[in-house]
Amino acid sequence: MCYAIVGIPLGLVMFQSIGERVNKLSSVVIRNVKRLLGCRNIEASEINLIFVVTTLSSLTIAGGAAAFSRYEGWSYFDSVYYCFITLTTIGFGDMVALQKDDALDKKPEYVAFSLVFILFGLAIVAASLNLLVLSLFYNDIYNDYFTN
């Protein structure tokens, strides 16, 4: 219980911070791409950021689903479901990776992939959710944060 009292808020702050940094990086990349393409308005708009982060989240889920489908023997739809539930931290527990064929002991590369995928995926989804919250509920804060 003591770990949860400290760990849960610390985890939320960490993923919020990572999400903000990913969004800031996306904003810089969008500006540079627009500059290279010769666009007049090089500012990263809200729509640009939502498109980039949503695409990145979708690619992360799709790529993870392909890997889990292969290693776990799940259908692709089940793997997409697992990735979505895991990366949005809903975590029903009805599907659990690394339970088949003593994967924890016999497949260290798969264990490492799972760990990296979950941490990277949580950061990407946190960035997406951070951006949606900023753009939907705090439009003034969004404008100050991403246009400076």
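The values are calculated or read from the model by the stated rules, or taken from the named source; none is laboratory data. Being a predicted model, the structure only gives us computed values, none of them experimental. Counting neighbours? That spans all protein chains shown, and the Cβs are built from the backbone with ideal geometry, glycine included. Ligands, DNA and RNA are stripped out before the accessible areas are found, and what is left, the full protein with its side chains, is counted by its heavy atoms. Shrake-Rupley method; radii C 1.70, N 1.55, O 1.52, S 1.80 Å.
3J(HN,Hα) along region 2-7, derived from phi through the Karplus expression 6.51 cos²θ - 1.76 cosθ + 1.60 where θ = phi - 60°, amounts to 5, 5, 5, 4, 8, x Hz, with x in place of Gly and Pro. The string of couplings for region 27-36 from the Karplus curve (6.51, -1.76, 1.60, θ = phi - 60°) is 4, 5, 4, 4, 4, 5, 5, 5, 5, 5 Hz, one whole number per residue in order, with x for Gly and Pro.
For the pair Y3 and V111, a Förster radius of 25 Å applied to the C-beta separation gives a FRET efficiency near 0.65, rounded to the nearest 0.05. Between S58 and L36, the simple label model (points 7 Å from Cα in the Cβ direction) yields a spacing of 2.2 nm.
The Stokes-Einstein estimate for region 1-113, based on a Kirkwood radius over Cα pairs and taken at 25 °C with 0.890 mPa s viscosity, is a diffusion coefficient of 145 µm²/s. Between the beta carbons of K100 and L136, assuming R0 = 35 Å, the FRET efficiency works out to 0.30 to the nearest 0.05. Our coupling estimate for region 19-24, obtained by passing each phi through the Karplus curve with A = 6.51, B = -1.76, C = 1.60 and θ = phi - 60°, is x, 5, 5, 5, 5, 5 Hz, Gly and Pro reported as x. Computed about its Cα centre, the charge dipole of region 1-46 is approximately 300 debye, with only Lys, Arg, Asp and Glu carrying charge at their Cβ. Each of F51 and M14 was given a label point 7 Å from its Cα along the Cα-to-Cβ line. The distance between the two points is 3.4 nm. With all protein chains present, how much of the accessible area of the chain (probe radius 1.4 Å) comes from carbon and sulfur, to the nearest whole percent? After summing per-atom areas, the C and S share lands at 69 percent.
Peptides 109-117, 14-22, 81-89 ranked from most to least packed by the mean count of surrounding Cβ atoms within 10 Å: 81-89, 14-22, 109-117.
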